[in-house]
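Everything on this sheet refers to the single structure shown next.
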Amino acid sequence: MPFYTSSKDTFEVGGREFPRVTWYKEPGMRSLYIALMFAVLTSATNGYDGSMMNGLQALDEWKASFNNPNAATRGLLNAIMSVGSIVALPITPYIADIFGRRIGVITGCVIMIVGVVLQSIGINIEMFIASRFFIGFGVAIAHGAAPLLIAELTHPQHRAIFTTIYNSTWYFGSIVAAWLTYGTFKIDSAWSWRIPSMVQAAPSVIQLVAIWMVPESPRYLIAKGKDEQALNILAKAHARGNIEDELVQIEYREIRDTIKLEQEYESNGWVELFKTKGNRRRLIILVSLGFFSQWSGNGLVSYYMDDVLKGAGVLDPQLRLEINGILNIINFATALTMCFFIDKFGRRPLFLFATGGMLMAFVAWTIAAAQFVKTAVKAAGTAEIFFIFLYYVFYNSAWSGLLVGYGVEILPYKLRAKGLTIMFLAVDLALFFNSYVNPVALDHLGWKYYIVYDCWLAFELGIVYFFFIETRNTPLEEIVKYFDGEDALLGGNLATQKAKELLQEDGIHDEKMATSAHHREVSATNSHEESPRNEKI
């Protein structure tokens, strides 16, 4: 069995076991995944930005163009992007829910391109700051739609891999920016920073072209009453266009019944996130994901690697750029590799492993930094750099990819866009803090500031242990059972008792329920005859 598959030879949907498929052997799936990968490069734009700003701060021409900005100004330059994202968040879920996931991606990309144009022709620091506000505004809108499109289009077998790959492309953008700024380092003019700035538009331009090759989310279409169109998309994407395929029919009924139940018996307002015990737990996880993914000490390196490396005794600016570029390659390799083990190891074990490892590595990083400051021994500075790399290996075992993948899958359809918005609000608030406070704190406290993150990482480990729930090898709609139990509004073959009662009370669903019941009996018989069911986690 290939290393990247789950430990099972089958996957389960609606209580029925199906043989695993190889995506590149399926024509519809192959074309969809290739187009989808290009259509959702939003995270790469984000990663490019962080690495670019790291690189620009090491360029003498950039400093000269903007009169050597001090720590507070550099903090504002980075923080203003988060401000732009925060301002956009109130409208982000409505764009995705009302106009569709694809329109959300398109809208965000257009705004980002406008921001990049303004940034590239920036003639003063004020214009540069304003342009970064627009980039942040566009990123928020695209970020609020792209993960939804992935999770709601991909085959159940591949959802975990694809959604984690999405956020891992952050490092792809980061690598490009790191080595591009390294390449323009010796250009003796403003083009040394304008070229990297202009290239930042590339992911958005690619997205605008590729998005037209990707269909709309079938879940969004069902929510809008376009059931037949949604069924055809599911069939083309998951079963070579065969709408009578058993998997497609089970998926379709489960999605349709669940969304109809949510529309009729649940509100999709913001207050719904606080109403039930299951939703409150979801909210704790979402806020934790947002803050912990950015507020775990990684913000020191993401935007202020130049300052951190200076503190470790790396005074050569070219060497600092090289270290930054190598770190990003290792980060991308680690994050991408772990994407293929999400269903094998599970979300909760990976989060615990990553957070515990981050804590140990950061404590060692702090000790090495303190020793270098006190003794000026080169070995201590080298050890500090080693532990920075080790810290990121642990971080990328879970937090880089699962931030979006886990956040999307724990939410029911009606709350998915709004819940993801809450998570990204936490991300942006943490980024704002990191961007504006970190350079000032590093300037005044040096290595002692690292102790704050040592304590915070211990707190994070406790939250992950007590609140995070395992969801591996579970179809998107069925995850609600882990949070809401028998009160979950889950339709289809595995409909909860509450869902059955509500569907039966609503006369228009009687015929659909009878069909589902008959199919469930047939599927159960086939399941026992053909392949034993594995017990669900």
Consider Ala44 carefully, then state whether it is surrounded by 20 or more Cβ atoms within 10 Å (Cβ to Cβ), touching a helix residue (DSSP H, G or I) at 6+ places or on another chain (Cβ under 9 Å) and in contact (Cβ under 8 Å) with a residue 12 or more places away in the chain. yes
Check Thr366, Thr375 and return the single one that is without any contact (Cβ under 8 Å) to a residue 12 or more places away in the chain and either closer than 19 Å to Leu445 by Cβ or assigned by the TED database to the domain that holds Leu315 (or both). Thr375
Trp179 fails exactly one of (1) crowded, with 24+ Cβ neighbours inside 10 Å; (2) closer than 19 Å to Asn328 by Cα; (3) at pLDDT below 90, namely (1)
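Suppose we filter Arg159, Arg194 for residues that are buried (at least 20 other Cβ atoms within 10 Å of the Cβ) and in the same structural domain as Trp23 (by the TED database); which single one remains?
Arg159
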Within the range 253-305, count every residue that is of a type in the set (Val, Ile, Thr) and open to solvent by less than 30 Å² (accessible area, probe 1.4 Å). 5
In the set Ser288, Ser302, Ser293, which member is part of a helix (DSSP H, G or I), small (Gly, Ala, Ser) and at pLDDT 95 or above? Ser288
Entirely in the range 140-203, the helices (runs of 4 or more DSSP H) that have 1 or more residues that are in contact (Cβ under 8 Å) with a residue 12 or more places away in the chain, within 14 Å of the chain's Cα centre (by Cα) and under 21 Å from Gly419 (Cα atoms): 146-153, 159-183
Considering each residue of the range 233-270, count those that are part of a loop (DSSP other than H, G, I, E, B) and at pLDDT 90 or above, and give that number. 7
Can you confirm whether Ile206 is assigned to a helix (DSSP H, G or I), in the same structural domain as Val114 (by the TED database), surrounded by fewer than 21 Cβ atoms within 10 Å (Cβ to Cβ) and modelled with pLDDT of 90 or more? yes
Helices (runs of 4 or more DSSP H) wholly inside the range 25-111 that include at least 1 residues being within 25 Å of Gln294 (Cα to Cα) and within 21 Å of the chain's Cα centre (by Cα): 27-39, 42-56, 71-88
Residues of the range 212-252 that turn out to be under 19 Å from Glu17 (Cβ atoms), in contact (Cβ under 8 Å) with a residue 60 or more places away in the chain and surrounded by fewer than 21 Cβ atoms within 10 Å (Cβ to Cβ), as a count: 1
Restricting to the range 342-388, count the residues that are outside any helix (DSSP H, G or I) and open to solvent by less than 40 Å² (accessible area, probe 1.4 Å). 1
So which pairs qualify, if the first residue must be in the range 271-298 and within 25 Å of Phe394 (Cβ to Cβ), the second must be open to solvent by 50 Å² or more (accessible area, probe 1.4 Å) and outside any helix (DSSP H, G or I), the Cβ gap must be under 7 Å, and the two must be at least 6 apart or on different chains? none
Among the helices (runs of 4 or more DSSP H) confined wholly to the range 400-490, which include 1 or more residues that are among the small types (Gly, Ala, Ser)? 413-445, 450-467
Consider only pairs whose beta carbons are under 7 Å apart and that are at least six residues apart or on different chains; among these, list those whose first residue lies in the range 440-451 and is closer than 14 Å to Lys310 by Cα and whose second residue is open to solvent by less than 30 Å² (accessible area, probe 1.4 Å). Leu442/Tyr304; Leu442/Tyr449; Asp443/Ala71; Trp447/Thr366; Trp447/Ala369; Trp447/Ala370
Which is over 21 Å from Arg253 (Cα atoms) and open to solvent by 50 Å² or more (accessible area, probe 1.4 Å), of Asp443, Asp454? Asp443
Sole exception among (1) touching a Leu at 6+ places or on another chain (Cβ under 7 Å); (2) over 29 Å from Ile150 (Cα atoms) for Arg416, by number: (2)
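The values are calculated or read from the model by the stated rules, or taken from the named source; none is laboratory data. These figures come from a predicted structure and were not determined experimentally. Glycine gets a Cβ as well: all are built from the backbone with ideal geometry, and neighbour counts include every protein chain shown. Just so you know, the surface numbers come from the protein's heavy atoms only, side chains and all, with ligands and any DNA or RNA stripped out. Shrake-Rupley method; radii C 1.70, N 1.55, O 1.52, S 1.80 Å.
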